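No value in this document is a laboratory result; all are computed from the given coordinates. Bear in mind that the values here come from a model prediction, so they are computed numbers and not experimental data. Cβ: placed from backbone, ideal geometry, glycine included. Neighbour counts: every protein chain shown.
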Amino acid sequence: ISWEFKWENKDEAECYGPYSSEQMLKWQDEGYFKDGVFVRKTTVDSKEFQSSKRIDFSLY
């Protein structure tokens, strides 16, 4: 599974990725996403971003 993220949940916000679950978990554990970011899986046809605070990247 790969992920895209953006710092703000706005349509015009720049999107970064894709990144692996392992990379996202590493960044999360290191505090890189201290205030959270907005993420979505790139492997499904989803347009909606979710708060990274609700995602356990170790499950993916």
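Work out, in µm²/s and without decimals, the Stokes-Einstein translational diffusion coefficient of the chain at 10 °C, 1.306 mPa s, Rh from Kirkwood over C-alpha pairs.
Estimated diffusion coefficient is 139 µm²/s.
Where does each of 37-43, 11-17, 52-58 land if you order them by average Cβ count within 10 Å, highest first?
Per-residue Cβ counts within 10 Å, averaged per peptide and sorted highest first, yield 37-43, 52-58, 11-17.
What does the helix-only formula give at 222 nm for the chain: each DSSP H stretch with n ≥ 4 adding -39500 (n - 2.57), the total divided by the residues, and the result rounded to the nearest 500 deg cm²/dmol?
Computed ellipticity for the chain at 222 nm equals -4000 deg cm²/dmol.
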